[in-house]
Amino acid sequence: VSTFDDMVDREGLDAGDEARLRRVHDLLVQAGPPPDLPPSLEHPPTAPAEADLVQFPLLPRRRWTLGAVAAAALVVLAFGGGYLVGHAKTKATSFAAKRVLPMHGNNAVALLRLAPKDGAGNWPMELELNNLPTQPDPRAYYELWLTRNGKAIAPCGTFRVNARTTTVRLSVPYDFKRFDGWVVTRQAAGKHDPGPVVLTT
Amino acid sequence: MRLVTTDGELIERAATGDHSAFEDLYRRYARPVFGLALRRLGDRGRAEDAVQETFASIWRSAASYRPERGPGAPWLYAVARNAIVDRARSRGEIPSEIPDTAADAPGPSDRVEQGWVAWRVHRALEELTEREREVVALAYWSGLSQSEVAEFLSIPLGTVKTRTRAALAKLSEILGDDLQ
């Protein structure tokens, strides 16, 4: 980079102005060039509200559809259609879910609700479990995991159930795009590796 | 005196759902955010994702901005920093060189200071006219001498120097207290 004296016409500049311009010159040198924006970023988002949607694991569409239908059928069978309608109203005010994922297993179902990421970078989640067996062992528990290629990879929180319906709130800081689904595992006392899967998306 | 809408005013308007204010913020900050993300992540694809995430966060959390706590640029920097740190963490990296806040106090390293300086300068460049930006880019980052810039633009050398001075003066006005 040429020197300030080479680059700027200083005629008529008073000392104060020249000092400020020299400071700008130094900052430009220090900052370096701004990057070229890629085409994908040239225009502002036209519908920023859509960006509010949670980007959650990209399940294959067919698998997602089958899972949703299966889970919905199980929920209806277990609780009747009135449950869903009545319950949805109360839940809407208690947890600002942007996305709901059904989970299913043997006679058990769950709804995993995802809220937008908070200011600290955490994704609040609410997991409502129905018909999951209670644990006779007081030290046993269940654990929610994010999966990659179907394998439990990232722990999302542990919990116990003691009723036909149990609702727990969890929060994780992960980038969901790195994963492909969730599972709930049954964890024996003292075992920290993923146990048998009891619910899956 | 510059009669432009401040960043803080745009954030407050965006908090009320004003899309045009959000778009103005994007025009001012897309390049600084992308530059910061590129410097930290070193990957254009992930930097693009970080920019998208940053502006989604701005839209979501604009209501949390408190003008009495300071101007908009440091708040925007903090939001961008969080989005970029998220990206870095997703690859198991420890994002150490991006400061938690855009404090005026000297940073723990030259790299920290470098990021904040680039953020402010690149933001200020967005307010120059196309012609002013062109002469600054050629003079500072093209590797051309002033005579070569004059030849490239087909204008006299004196005009190059005059335009450079005018651009620096405008940047000085935009950067304001940041020059202290």
Self-check item: Close pairs (9 angstrom Cβ cut-off, 6 or more residues apart or separate chains): under 11 Å from residue B:64 (Cα atoms) and away from every other protein chain (no Cβ under 11 Å) in region B:12-23, open to solvent by 50 Å² or more (accessible area, probe 1.4 Å) and assigned to a helix (DSSP H, G or I) anywhere
Solution: B:12/B:63; B:12/B:67; B:15/B:63; B:15/B:64
Practice problem: Search region B:55-68 for residues that are among the small types (Gly, Ala, Ser) and pair each with any residue that is open to solvent by 20 Å² or more (accessible area, probe 1.4 Å) and not in a helix (DSSP H, G or I) when their beta-carbon atoms are under 6 Å apart and the residues are at least 6 apart or on different chains. | Solution: B:61/A:119
Quiz item: Is it the case that some residue within region A:127-150 is β-branched (Val, Ile, Thr), buried (at least 20 other Cβ atoms within 10 Å of the Cβ) and part of a strand (DSSP E or B)?
Solution: no
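I'd like to know if region B:146-164 contains one or more residues that are under 22 Å from residue A:10 (Cβ atoms), outside any helix (DSSP H, G or I), polar (S, T, N, Q) and modelled with pLDDT under 90. Show your work before the answer.
The first filter runs over region B:146-164 and keeps only residues under 22 Å from residue A:10 (Cβ atoms), leaving B:146-150, B:153, B:155-164.
With the extra rule that they be outside any helix (DSSP H, G or I), the set shrinks to B:155-156.
Next, from what is left, pick out any that are polar (S, T, N, Q): none.
Looking for residues that are under 22 Å from residue A:10 (Cβ atoms), outside any helix (DSSP H, G or I), polar (S, T, N, Q) and modelled with pLDDT under 90, one finds none in region B:146-164, hence no.
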Quiz prompt | Single condition residue B:128 does not satisfy, out of (1) modelled with pLDDT under 85; (2) surrounded by fewer than 19 Cβ atoms within 10 Å (Cβ to Cβ) | solution = (1)
Practice problem: Just give me the residues in region B:26-39 being more than 7 Å from every other protein chain (Cβ to nearest Cβ) and either part of a loop (DSSP other than H, G, I, E, B) or in contact with an Asp or Glu (Cβ under 7 Å, 6 or more places away or on another chain) (or both), in sequence order. | Solution: B:28
Quiz item: Among all residue pairs at least 6 apart or on different chains, which show Cβ distances below 8 Å where the first residue, located in region A:6-34, is surrounded by fewer than 18 Cβ atoms within 10 Å (Cβ to Cβ) and the second is at pLDDT below 90 and among the charged types (D, E, K, R)?
Solution: A:18/A:10
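Tell me the residue from B:136, B:117 that is part of a helix (DSSP H, G or I), under 22 Å from residue B:33 (Cα atoms) and either at pLDDT 90 or above or open to solvent by 70 Å² or more (accessible area, probe 1.4 Å) (or both), please. Don't jump to the end; show me each part of the working.
Working: B:117 fails: either at pLDDT 90 or above or open to solvent by 70 Å² or more (accessible area, probe 1.4 Å) (or both).
Of B:136, B:117, the one residue that is part of a helix (DSSP H, G or I), under 22 Å from residue B:33 (Cα atoms) and either at pLDDT 90 or above or open to solvent by 70 Å² or more (accessible area, probe 1.4 Å) (or both) is B:136.
Name the residue, out of A:161, A:168, that is among the hydrophobic types (A, V, I, L, M, F, W, C), open to solvent by less than 50 Å² (accessible area, probe 1.4 Å) and either assigned to a loop (DSSP other than H, G, I, E, B) or within 30 Å of residue B:84 (Cβ to Cβ) (or both). Give the steps one after another, and end with the answer.
Working: A:168 fails: either assigned to a loop (DSSP other than H, G, I, E, B) or within 30 Å of residue B:84 (Cβ to Cβ) (or both).
One residue alone meets the criteria, A:161.
More than 30 Å from residue B:65 (Cβ to Cβ) and open to solvent by less than 20 Å² (accessible area, probe 1.4 Å): is that true of residue A:109 in this structure? If you could, list the steps in order and put the result at the bottom.
On the way: more than 30 Å from residue B:65 (Cβ to Cβ): yes; open to solvent by less than 20 Å² (accessible area, probe 1.4 Å): yes.
Spelling it out, residue A:109 is indeed more than 30 Å from residue B:65 (Cβ to Cβ) and open to solvent by less than 20 Å² (accessible area, probe 1.4 Å).
The values are calculated or read from the model by the stated rules, or taken from the named source; none is laboratory data. Keep in mind it's a predicted model, so treat the numbers as computed, not measured. When we count neighbours, we look across all protein chains shown, and the Cβ atoms used for this are built from the backbone with ideal geometry, even at glycine. Just so you know, the surface numbers come from the protein's heavy atoms only, side chains and all, with ligands and any DNA or RNA stripped out. Shrake-Rupley method; radii C 1.70, N 1.55, O 1.52, S 1.80 Å.
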